[in-house]
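Here's the structure, in structure tokens; my notes come after.
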Ligand SMILES: [Zn+2]
């Protein structure tokens with residue numbers, strides 16, 4: 001099933017600014033990315049857009065409230081955002097790179113992943129466990145870091 005990524009548009013009532021457009025463009029360009037406020041702030045500043053933490057948080061919160069972005073909070077209490085449309089099934093496992101600390105959603109073989117997750121869930125249910133919430137995180141070294149050892153590859 002192809003993933004249809006509808007272009008993100010600003011929700012009604014949200015002012016179109018250079019910063020808000022840049023945030024939308026960022027998620028449109030990297031639909032599999034899972035980014036923190038700091039990542040967004042860095043990306044915007046790299047484009048010459050002067051923003052501060054409060055502005056970026058406000059933008060991300062509005063997009064999250066409008067349902068355009070999903071939010072997850074990791075073990076270090078860092079909130080990360082990802083486009084809502086990309087995985088209709090929810091619960092996409094995340095992969096975090098030990099080298100550059102970028103997070104990616106595991107994409108590609110969604111059907112196979114969902115089958116595996118369902119099997120895991122059924123296994124737990126068969127053992128009598130209930131109210132299961134899956135939150136899978138995988139760690140390792142991303143393809144970018146493997147190709148350029150010792151070099152931090154910047155999120156462009
Ligand atoms: Zn990496």
Handout entry: Global size of the range 17-86 as Cα Rg and Dmax, reported in angstrom
Key = 11.1, 33
Completion exercise
A correct fewest-to-most ranking of 72, 16 by other Cβ atoms within 10 Å would be 16, 72
Practice task
For a footprinting-style exposure proxy, rank 82, 14 by other Cβ within 10 Å, fewest first.
Solution key: 14, 82
Exercise for the section: List 64, 129 from most exposed to least, where exposure is judged by having the fewest other Cβ atoms within 10 Å. Expected result: 129, 64
Handout entry: Ranked by how many other beta carbons lie within 10 Å on average, peptides 48-59, 32-43 from highest
Key = 32-43, 48-59
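Each value in this text was obtained by applying a stated rule to the coordinates, not by laboratory testing. Source: prediction; values computed, not measured. Note that we place each Cβ from the backbone using ideal geometry, even for glycine, and neighbour counts take in every protein chain shown.
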